[in-house]
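A quick write-up on the structure given underneath.
The values are calculated or read from the model by the stated rules, or taken from the named source; none is laboratory data. In this text the structure is predicted, and so the values were computed from the model without any measurement. For neighbour counting, all protein chains shown are included, and Cβ atoms are generated from backbone atoms with ideal geometry for every residue, glycine included. Heads up: the accessible areas ignore ligands, DNA and RNA and are worked out on the full protein's heavy atoms, side chains in. Shrake-Rupley method; radii C 1.70, N 1.55, O 1.52, S 1.80 Å.
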Amino acid sequence: MAIETCGRCNNQTAKLVKCEYCARMLCNSCVKSAKRKKIDHRYICKSCWSNIGKRSMFKSAN
Ligand SMILES: [Zn+2]
Ligand SMILES: [Zn+2]
């Protein structure tokens, strides 16, 4: 399995998810929250979570 590097903390991990708001690839510990979408999940990183505008976008998104 390929090892990838987290775009936020440079942690090396086999599984990264994409932050919907800054488009960086995130390791588990950088994901602040996730929302279920129809087929997938929407993720927000801890950096975007501290941004009020992005956080409210996340909260109001379906
Ligand atoms: Zn990380
Ligand atoms: Zn982000």
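Annotation note: Cβ proximity below 8 Å between a residue of the stretch 1-13 that is closer than 18 Å to C48 by Cβ and a residue that is more than 16 Å from ligand 2 (Cβ to nearest atom) (sequence gap 6+ or interchain) occurs for C6/Q12; C6/T13. Scanning the stretch 14-32 for residues that are free of Cβ contacts under 8 Å to residues at least 24 places away in the same chain and basic (K, R) turns up K15, R24, K32.
Within the stretch 26-48, the residues that satisfy the criterion of being hydrophobic (A, V, I, L, M, F, W, C) and either over 26 Å from Q12 (Cβ atoms) or surrounded by 17 or more Cβ atoms within 10 Å (Cβ to Cβ) (or both) are L26, C27, C30, V31, I39, I44, C45, C48.
For the stretch 1-50, taking the residues that are among the basic types (K, R) and over 14 Å from A61 (Cα atoms), the one that is nearest to ligand 2 (Cβ to nearest atom) is identified as R24. Residues in the stretch 26-50 that are basic (K, R), at pLDDT below 95 and not in a strand (DSSP E or B): K37, K38. Checked against the criteria, A23 counts as on the phi > 0 side of the Ramachandran plot and either open to solvent by 50 Å² or more (accessible area, probe 1.4 Å) or assigned to a loop (DSSP other than H, G, I, E, B) (or both). Residues of the stretch 4-62 that are of a type in the set (S, T, Y) and within 12 Å of ligand 1 (Cβ to nearest atom): T5, T13, S29, Y43, S47. Taking the condition among the small types (G, A, S) and assigned to a helix (DSSP H, G or I), does S56 pass? In short, yes.
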